[in-house]
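Structure record follows, encoded as structure tokens.
The values are calculated or read from the model by the stated rules, or taken from the named source; none is laboratory data. Since the structure is predicted, the reported quantities are computational estimates derived from the model, not experimental observations. Neighbour counts run over all protein chains shown; Cβ positions are idealised from the backbone, glycine included.
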Amino acid sequence: MHVKFQQSGGFAGLLRGCEFDITELPAEEQARFRRLVRDASTSSRDVKNSQLSRDATLYEISLEDNGSKRLIKADDSSLTQGLAPLIEFLQSKARPQSIR
């Protein structure tokens, strides 16, 4: 599974992200990541960004697995309990990004 994560916005407007294939992760992290994606999938089917939060942090997760693509977008006000642990995992892998 190929993963691309981007976190942007917030009061400071910082841009952080990461991109990796889960096969690059240790076996324990691969299993944990798949669990987090599964848990997020059941609770975030229709997550959308709120128009009420101008300074909210925005999250975008792109998942590509065996030709199947999925895009999850959320912000601080629309995070579900199932999606939050996946965001936290990806934040631990994220690094500062340059604006392109």
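Computed quantities for the displayed model
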quantity: All positions within the range 86-100 that are closer than 17 Å to residue 33 by Cα, touching a residue at least 60 places away in the same chain (Cβ under 8 Å) and not aliphatic (A, V, I, L, M); calculated: 91, 93
quantity: Residue under evaluation residue 6, criteria (1) modelled with pLDDT under 95; (2) surrounded by 17 or more Cβ atoms within 10 Å (Cβ to Cβ); (3) out of contact with any helix residue (DSSP H, G or I) (no Cβ under 9 Å at 6 or more places or on another chain), criterion not met; calculated: (1)
quantity: Residues located in the range 59-100, provided they are over 11 Å from the mean Cα position of the chain (by Cα), assigned to a strand (DSSP E or B) and surrounded by 16 or more Cβ atoms within 10 Å (Cβ to Cβ); calculated: none
quantity: First in the range 56-85 and within 12 Å of residue 6 (Cβ to Cβ) and without any contact (Cβ under 8 Å) to a residue 60 or more places away in the chain, second anywhere and aromatic (Phe, Trp, Tyr) and assigned to a loop (DSSP other than H, G, I, E, B), Cβ under 9 Å, 6 or more apart; calculated: 57/11
quantity: In the range 28-58, the residues that are modelled with pLDDT of 65 or more, surrounded by 13 or more Cβ atoms within 10 Å (Cβ to Cβ) and farther than 20 Å from residue 94 by Cα; calculated: 39, 41
quantity: Residue ID - modelled with the lowest pLDDT, chosen from residues in the range 59-87 that are over 17 Å from residue 9 (Cβ atoms) and acidic (Asp, Glu); calculated: 65
